[in-house]
């Protein structure tokens, strides 16, 4: 993550210095245009879908939450359709 506390601009040289690593010990200095190019390369194109595979967006997490919220299968008596509650939840709009 980019932090303003780790950035410094060397105005006479037109260079940007960025501290990184554990306790911000390492430092990299580059031209300001190079810095802007590196930062903007992480911005997705217009209309591009960003896929996240971690935290609350992970399929495994969503599956666990969904399974925890679904009630057990309930069968109907004769004359009624025997649908599970999972089926009803999937088909409801």
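The values are calculated or read from the model by the stated rules, or taken from the named source; none is laboratory data. Values in this document were obtained by computation on a predicted structure and should not be read as measured data. As a convention, Cβ positions derive from the backbone with ideal geometry for all residues, glycine included, and neighbour counts pool all protein chains shown.
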**OP:** Tell me, please, whether a residue that is touching a helix residue (DSSP H, G or I) at 6+ places or on another chain (Cβ under 8 Å), modelled with pLDDT under 90 and assigned to a strand (DSSP E or B) can be found in region 40-58.
**Re:** no
**OP:** Read through the list (1) at pLDDT 80 or above; (2) not in a helix (DSSP H, G or I), then give the number of the only condition that residue 83 fails.
**Re:** (1)
